[in-house]
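Asks: Provided herewith is a single structure, encoded as structure tokens, for subsequent inquiry.
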Amino acid sequence: MSGLLEVSNVVAGYGDGPAILDGANLSVQPGKVHCIIGPNGAGKSTLLKTIVGMLKIRQGSVTFKGESLKGKRPDQILRRGICFVPQERALFPKMTVRENLRMGGFSLADKSKLEKRIDEIEERFPILGERRDQHAGTMSGGQQQTLAMARTLILKPEIVMLDEPSLGLAPKIVKEVFSIMRLMADEGITILLVEQNALMGLKHADWGVVLDLGRTLFEGPAAEVLTDPRIQELYLGGKKAA
Amino acid sequence: MAEVIQILILGMALGGVYALMGSGLSLVFGVMRIVNLAHPVLIMAGAYVAYWAARLYGLDPLLTLPIAAIILAATGVILYKLVFEREARSAKYSEMTVLLTFALAMVLEGALGTAFTNTQRVTSPDYATDAFFIGDIFIPKGQLYAGIVSLAIISALALFLKYSRFGYAIRATTQNREAAELLGVNVNFVGLVSFAIGIGLAGAAGSLVSFVFSFFPAKHWEWIAVLMSLVVLGGMGSIFGTVLASFILAVIAAFIGAYFGATWSTLTFFVALFVVLLVRPQGIFGEKPELA
């Protein structure tokens, strides 16, 4: 079955440097949470950056709803309905929360529609409404992550890609971040999650993809990947998943 | 007391002109990370536009200001395309631009010298040598008008950056280029337009400079340290910081000039540059540099 987003034998890397992705494959099914796991340097973040047009596809193809994304700029890919929240959360620290939300809808031409959507977001995430005039850079890590994820909803995207949303956050906050992700998935948004903490990522996902040395090793239902002996051995340090 | 107020007024009026001269430099650095050492020579070019418009057509430099701004902005587009665009994604971009703009400054100085000679010039509208008197205090009309026009332009720029859609794109690109790109901003276009606006501001500042100071092509070397001290004290890339630094340093320089002589007044900017780089390299509003 052809997926919403198809990555086929993609080779990509940074500038003229060596290829980080060396034949990566991925088939993203609509409405599911997909978690990409793998050791450091496996190419997980590189894969997301390649999909979103930040890195050039040297070989292979990436298609969204059958349309090739090869050679397209990030702003063009965004307009097709794919949002990306990188590790650093990609906020504008000296802009207020409200201004950051406005930037989330930068590609919307209708200003009144944008303001309406921001109001909706502030209703759903009251902390953002309470802090609308606060500079994003002065918020806590968890609040910043909430803002970065909520901001993607302004465009009503089809796919949201999250690169290590739990990075640097306290366990209690991580729980909140994953509950926001689940909320998005429940609304029908397809999630592509990269998570260094494989156990946690797979627990919150429907589908697991294992990447190593820039290639897709295998994939399957998250529960099965979680208990797969190869994963236990290679990525979870041999511990049994709780 | 009257003497202190007098010096303060003169310093504030000059501060307004410095603010406009420095804000274009700050904008270009903030968005594009270009350390534009050619900014002062482009101000000189703007001054020549005003000078020749006044001499050939009798136009007031305040009326020529938009023309100088547009001509210089167009020059900015050409320079950006020719010199800066290709290397914009290089990791060493800022360092490269120091050398590139240094070379550009030499070339432009040579071109201006060839075209207009190195004779000192100044435009002389009536108000440039006139003053308002309030009791014992006098306010030179030329400096006052230049300061007011500068602040009006900077205020318009601030409103544009704060409220317009393109202003959002410029601010976003300044703060986080990659994030701006991910949210749909065409950062290359933003870079081009910001550079053009920055150089356009140099043109506008040049029109004001043409009747506040005498000028000739090689004079831009004197201005480099002055402008650098403004943007470094304000915080590289912070336009508000540059404006604040302009007023602070212009007033200090006015007091030093009044009490110790004009020669020492210029030293204010050099000392400020030196001290800020030693004590607080990020300036008032800049971000602390990350340790490598």
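Asks: Find which of B:Leu65, A:Val28, B:Ser265 sits farthest along the positive direction of the dipole of the protein assembly as shown, computed with +1 on the beta-carbon of Lys and Arg, -1 on that of Asp and Glu, about the Cα centre.
Replies: Sorting the options by dipole projection puts first A:Val28.
Asks: Taking only Cα atoms, what is the 0 to 90° angle, nearest 10, from helix A:141-152's long axis to the longest principal axis of chain A?
Replies: The angle comes out at about 90 degrees.
Asks: Please work out how much accessible surface A:Arg215 shows to a 1.4 Å probe, ignoring ligands, DNA and RNA, in Å² rounded to 10.
Replies: Here the residue's solvent-accessible area equals roughly 130 Å².
Asks: Averaged per residue, what accessible area in Å² does the stretch B:41-94 show with a 1.4 Å probe, protein chains only?
Replies: Normalised by residue count, the accessible surface of the stretch B:41-94 is 51 Å².
Asks: GNM, chain B, Cα, under 10 Å: largest mean-square fluctuation among B:Arg33, B:Arg86, B:Arg121?
Replies: So, out of B:Arg33, B:Arg86, B:Arg121, the one fluctuating most is B:Arg86.
Asks: Are there DSSP H segments in chain B that both extend 20 Å or more along their axis (alpha-carbon positions) and score a mean Kyte-Doolittle hydropathy of at least -1.0? List them, or say none.
Replies: B:2-32, B:39-57, B:61-79, B:93-116, B:141-163, B:187-212, B:220-234, B:239-260, B:262-279
Asks: Please enumerate, by chain and number, the aspartates and glutamates with C-alpha under 16 Å from the C-alpha of A:Lys72, excluding those fewer than 8 residues away in the same chain.
Replies: Here the aspartates and glutamates satisfying the reach criterion relative to A:Lys72 are A:Glu6, B:Glu178, B:Glu181.
Asks: On a 18 Å Cα-Cα criterion, which of the cross-link pairs A:Lys49/A:Lys94; A:Lys49/A:Lys156; A:Lys32/A:Lys70; A:Lys49/B:Lys81; A:Lys116/A:Lys156; A:Lys65/A:Lys156 come out too long?
Replies: Cα-Cα > 18 Å for A:Lys49/A:Lys94; A:Lys49/A:Lys156; A:Lys32/A:Lys70; A:Lys49/B:Lys81; rest within.
Asks: Hey, what number do you get for chain A at 222 nm if only DSSP H runs of n ≥ 4 count, each worth -39500 (n - 2.57), divided across all residues, to the nearest 500?
Replies: -10000 deg cm²/dmol
Asks: Students sometimes get this wrong: rank B:Lys219, A:Lys72 by accessible area, probe 1.4 Å, all chains present, largest first.
Replies: Highest to lowest solvent-accessible surface, that is A:Lys72, B:Lys219.
Asks: Something else: If r is the Cβ-Cβ distance from A:Lys203 to A:Ser2 and R0 is 25 Å, what FRET efficiency results, to the nearest 0.05?
Replies: About 0.35, to the nearest 0.05.
Asks: Would you mind working out the accessible area per residue for the stretch B:136-292, using a 1.4 Å probe, and quoting it in Å²?
Replies: 42
Asks: Mind grabbing the interface size between A and B? I mean buried accessible area, both sides, 1.4 Å probe, in Å² to the nearest hundred.
Replies: Counting protein atoms only, the buried area is about 2000 Å².
Asks: Next up: How many percent of the accessible area of the stretch B:2-217 is carbon or sulfur, using a 1.4 Å probe?
Replies: Of the solvent-accessible surface of the stretch B:2-217, carbon and sulfur hold 69 percent.
The values are calculated or read from the model by the stated rules, or taken from the named source; none is laboratory data. These figures come from a predicted structure and were not determined experimentally. As a convention, Cβ positions derive from the backbone with ideal geometry for all residues, glycine included, and neighbour counts pool all protein chains shown. These accessible areas exclude ligands, DNA and RNA; they are computed on the full protein's heavy atoms, side chains included. Shrake-Rupley method; radii C 1.70, N 1.55, O 1.52, S 1.80 Å.
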